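Below: one structure, written as structure tokens.
The values are calculated or read from the model by the stated rules, or taken from the named source; none is laboratory data. Please read all numbers here as calculations on a predicted model, not as lab measurements. Cβ placement follows ideal geometry from the backbone for every residue including glycine, while neighbour counts extend to all protein chains displayed. For accessibility, only protein heavy atoms count, side chains too; no ligands or nucleic acids. Shrake-Rupley method; radii C 1.70, N 1.55, O 1.52, S 1.80 Å.
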There are 2 protein chains.
Amino acid sequence: MTLAQIGEDELLARIFPLLPVPAATSLGPGDDAAVIASGIGETGIVLTTDTMVRGKDWLDEWSSAADVGAKCVAQNLADVAAMGARPAGLLVTLIADAATPLQWAVELSRGIGQAAAAADTGVLGGDLSSAGAGVLSVSITAVGRLDGPPVTRSGARPGDVVAVAGTLGRAAAGLELFLAGDWQDARADAVELLSAQRCPSPPLAAGPRAAQAGARAMIDLSDGLVRDAGRVAAASGVRIELLAEALAQDIAALAPFVGGEAARACVLAGGEEHSLLACFPAEQELPQGLPQGFRPIGRVLAAGPEGPGVTVDGVAPQVSGWDHFGG
Amino acid sequence: MTLAQIGEDELLARIFPLLPVPAATSLGPGDDAAVIASGIGETGIVLTTDTMVRGKDWLDEWSSAADVGAKCVAQNLADVAAMGARPAGLLVTLIADAATPLQWAVELSRGIGQAAAAADTGVLGGDLSSAGAGVLSVSITAVGRLDGPPVTRSGARPGDVVAVAGTLGRAAAGLELFLAGDWQDARADAVELLSAQRCPSPPLAAGPRAAQAGARAMIDLSDGLVRDAGRVAAASGVRIELLAEALAQDIAALAPFVGGEAARACVLAGGEEHSLLACFPAEQELPQGLPQGFRPIGRVLAAGPEGPGVTVDGVAPQVSGWDHFGG
């Protein structure tokens with residue numbers, strides 16, 4: 001049996017029992033990032049890692065080396081932000097065919113450096129490895145600091161307001177445009193969607209703000225709104241009800257570029273957006289309303305007899321997922 | 001120009017200026033591991049990352065998946081130990097052709113889990129990515145905790161005693177036996193050398209012990225005794241004088257397997273041993289002598305007119321190095 005045949009979720013289910021969790025771990029695998037205690041009160045250090053592989057996570061025809069570097073930083077820092085943490089540094093691993101142009105590695109580093117600097121962080125270290133013909137991958141481990149307890153996926157409670165910081169569906173709409181093939185002559189507003197696919201701009205500062213404001217659960221939208229909201233629902237044992245009305249403008253903004261049907265799919269299921277989804281105590285409990293950058297898009301309800309899940313105006317949406325090995 | 005043409009050192013020299021170092025970093029890139037302040041006194045968190053690629057860092061004919069997992073853990077934890085830190089957790093990234101057998105991934109995880117448990121640590125998280133046909137790589141980021149200031153490469157002072165914890169040259173001698181080709185019928189004592197190549201056993205506990213005992217500089221022997229001692233010499237601005245007499249037994253132990261000339265090369269230049277080289281204040285300054293597990297193999301001298309470097313009985317040894325891209 002191969003990895004493709006078993007798929008990512010079942011593979012993880014097979015290997016997790018073989019991997020001990022370190023003793024002083026506050027939070028092990030399974031959330032956006034792990035947490036180890038810093039030793040000071042309830043604060044901690046968060047750790048996460050995310051990899052990009054040429055041909056799977058990017059195509060050289062669409063993305064520059066600087067795009068790849070900046071995107072890999074963004075993906076990792078979004079996971080840090082989703083715990084409510086601030087970035088403390090990155091470790092970068094480049095696995096490259098020795099025939100890779102020097103200029104590509106230099107531009108990758110420039111993209112990483114600029115994205116890190118924009119997030120007020122930088123590079124702590126890394127590793128270089130050579131690999132076979134055509135192989136090129138970038139792995140980043142991001143480290144963050146918490147000022148208080150981490151915001152996990154499991155704290156949502158019925159009555160909470162569901163809110164999002166950042167855009168929805170734009171990276172996926174950009175991918176649609178790339179796949180449609182006529183992107184090289186794109187209009188200026190379409191180029192913004194292509195850019196969102198090449199390199200997302202997660203609302204990193206909104207993560208610690210949400211934690212400060214009392215967010216009870218949070219996740220980075222890497223695999224699509226419904227799928228990632230479903231992870232919060234499952235971890236918290238609740239139903240997350242999204243309001244179609246609250247998403248209508250996101251869909252309408254994308255429809256002229258990809259059509260109405262695809263626009264809805266992008267908003268509900270589009271991956272790689274790296275916006276933040278958070279659940280807050282119902283608004284009346286927050287004297288100052290939602291923290292800056294967040295807008296309400298739904299409610300947390302008690303899980304019904306069908307168990308935890310996600311609904312849009314009461315109906316479970318049909319969206320497809322993504323499996324690294326199964327495709 | 002390609003990565004192969006420019007080589008690893010020059011590539012690093014080109015990209016380091018593009019990578020900002022995070023603000024609260026106690027120690028950035030360039031040592032065995034980076035250090036960020038934990039916020040408590042002089043203690044800190046150390047971070048390091050190391051990758052293994054099939055066909056470059058291992059061959060399936062020689063190494064089981066469990067060997068690869070355990071070796072990748074050992075390499076990373078040796079870097080943690082070389083700072084004087086204790087392991088606090090690992091993040092593991094597997095980049096694999098989707099046609100990789102499930103059993104390989106399961107055995108890899110078993111090897112990682114066992115090596116982590118033996119070092120009293122475990123796995124905090126990780127990432128899975130698919131890649132093209134035949135690609136298989138394992139990257140680990142290791143996190144450690146310091147009980148005091150880190151032991152860097154730059155603190156050696158003339159008069160210090162140079163000591164090593166762990167074996168010398170055994171992994172390289174094992175590689176010689178593999179390359180010689182008749183390893184499948186190896187005698188029991190030769191099998192131990194093959195095992196040292198498949199998976200080293202770094203003296204991890206000796207690292208924090210050395211820090212506790214006042215080690216002024218330390219490094220993990222990943223690229224060979226002379227090359228790694230040279231890094232300490234360069235960072236500290238000193239000459240490291242190794243005593244041939246202190247290495248004679250290490251060489252004699254390997255000579256029956258690989259011949260006297262190769263045995264000397266293995267001890268002086270053999271990589272992947274992951275023993276610890278440390279410099280301590282001259283023995284009279286240490287009431288209890290060297291910490292458990294360390295044996296003296298040389299002295300730190302002032303750098304002469306020829307600058308920092310390494311000598312054996314006063315002579316600069318001729319040893320070859322290793323470049324990931326240049327070969």
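Over segment B:161-312, what percent of the accessible surface lies on carbon and sulfur atoms, probe 1.4 Å?
Numbers: 3210 of 6280 Å².
Here carbon and sulfur together make up 51 percent of the probe-accessible area.
Counting only residues 5 or more places away or on other chains, whose amide H sits under 5 Å from the amide H of B:ARG145 once H atoms are built in the peptide plane?
For B:ARG145, the qualifying residues are B:VAL46, B:ARG86, B:ALA88.
R0 = 56 Å: FRET efficiency of A:ALA302 with B:ASP60, Cβ-based, nearest 0.05?
Values: r = 52 Å, r/R0 = 0.92.
Here the calculated transfer efficiency is 0.60.
Tell me the carbon and sulfur percent of the accessible area for segment B:3-145, rounded to whole percent, probe radius 1.4 Å. It would help to have the intermediate numbers written out before the result.
On the way: 2330 of 4460 Å².
The C+S portion of the solvent-accessible surface of segment B:3-145 is 52 percent.
Relative to the Cα centre, what is the charge dipole magnitude of the protein assembly as shown, using +1 at the beta carbon of each Lys and Arg, -1 at the beta carbon of each Asp and Glu, and rounding to the nearest 20 debye? Don't jump to the answer; show the numbers that get you there.
Working: 40 positive and 74 negative charges, 239 e Å.
For the protein assembly as shown, the charge dipole is close to 1140 debye.
Between copies, how close do the A:ARG14 label points come, placed 7 Å along Cα→Cβ, listed in nm from shortest?
Going from nearest to farthest copy, the values are 4.1 nm.
Return the average number of partner chain Cβ atoms within 10 angstrom of each residue Cβ along peptide B:110-116. Don't skip to the end; give the middle numbers.
On the way: counts 4, 1, 4, 6, 3, 0, 4.
That works out to 3 on average.
Over the Cα atoms, compute the radius of gyration (one decimal) and Dmax (the largest Cα-Cα distance, rounded to a whole number) for the protein assembly as shown, in Å.
Rg, Dmax (Cα atoms, Å): 26.0, 81.
Determine which lysines satisfy two conditions relative to A:LYS56: a Cα distance under 17 Å, and not lying fewer than 8 residues away in the same chain.
Counting by Cα, and skipping residues close in sequence, A:LYS56 has these lysines nearby: A:LYS71.
Quick check for me: using +1 on Lys/Arg Cβ and -1 on Asp/Glu Cβ, what's the dipole size of chain B about its Cα centre, in debye to the nearest 20?
Values: 20 positive and 37 negative charges, 127 e Å.
Result for chain B is approximately 620 debye, rounded to the nearest 20.
State the extension gain, in nm to one decimal, for the chain segment bounded by B:ALA117 and B:ARG14, taking 0.36 nm per residue of separation less the distance between their alpha-carbons.
Numbers: separation 103, 0.36 × 103 = 37.08 nm, distance 3.87 nm.
Result: 33.2 nm gained on full extension.
Among A:TRP58, A:LEU225, A:GLY113, pick out the residue whose Cα is farthest towards the positive end of the charge dipole of chain A, where Lys and Arg carry +1 and Asp and Glu carry -1 on C-beta, about the Cα centre.
Result: A:GLY113, furthest along the dipole toward the positive end.
Ballpark to the nearest 100 Å², how much total accessible area do B and A bury together, probe 1.4 Å?
On the way: alone 15510 and 15480 Å², together 25080 Å².
Summing both sides, the interface buries roughly 5900 Å².
Translational diffusion coefficient of chain A at 20 °C, 1.002 mPa s, Stokes-Einstein with Kirkwood Rh over Cα pairs, in µm²/s as a whole number. Please list the in-between numbers first.
Numbers: Rh = 20.4 Å.
Answer from the Stokes-Einstein relation: 105 µm²/s.
Using the 7 Å Cα-to-Cβ label point, sort the distances from A:PRO296 to its equivalents in the other copies shortest first and give them in nm to one decimal.
7.6
Anything losing 30 Å² or more of accessible area from the isolated chain to the full protein assembly: pick those residues out of segment A:87-105, probe 1.4 Å, ligands and DNA/RNA ignored.
A:LEU91, A:THR93, A:ILE95, A:ALA98, A:LEU102
Which cross-chain or sequence-distant (5 or more) residues have an amide H under 5 Å from the amide H of B:VAL123, H modelled 1.01 Å from N in plane?
Amide H to amide H, under 5 Å and 5 or more residues apart or across chains, B:VAL123 pairs with A:VAL21, B:LEU90.
From other protein chains only, count the Cβ atoms within 10 Å of every residue's Cβ in A:136-146, then give the mean.
On the way: counts 2, 9, 0, 10, 4, 13, 2, 7, 0, 6, 0.
Partner Cβ neighbours, averaged per residue: 5.
Could you work out the mean count of beta carbons from other protein chains within 10 Å of each residue's beta carbon in B:12-18? Intermediate values should be presented prior to the final figure.
Numbers: counts 3, 0, 5, 14, 3, 3, 14.
Averaged over the peptide's residues, the number is 6.
Provide the per residue accessible area, probe 1.4 Å, for the protein assembly as shown, rounded to a whole number of square angstrom.
Value for the protein assembly as shown: 38 Å² per residue.
Mind listing the label-point distances from B:PRO317 to the same position on all other copies, shortest first, one decimal in nm, points 7 Å along Cα→Cβ?
Output for B:PRO317: 6.4 nm, nearest copy listed first.
For the residue pair B:VAL191 and B:GLU261, what label-to-label distance in nm results when each label sits 7 Å from Cα along the Cα-to-beta-carbon direction?
Once both label points are built, they end up 3.1 nm from each other.
Taking the alpha-carbon centroid of each part, what is the distance from segment A:20-65 to segment A:235-256 in angstrom?
So the two Cα centres are separated by 27 Å.
Taking the mean number of other Cβ atoms within 10 Å as a proxy for protection, how do you rank A:270-282, A:118-130, B:172-184 from highest to lowest?
Numbers: A:270-282: 25.0, A:118-130: 22.3, B:172-184: 17.5.
Highest-to-lowest ranking by the protection proxy: A:270-282, A:118-130, B:172-184.
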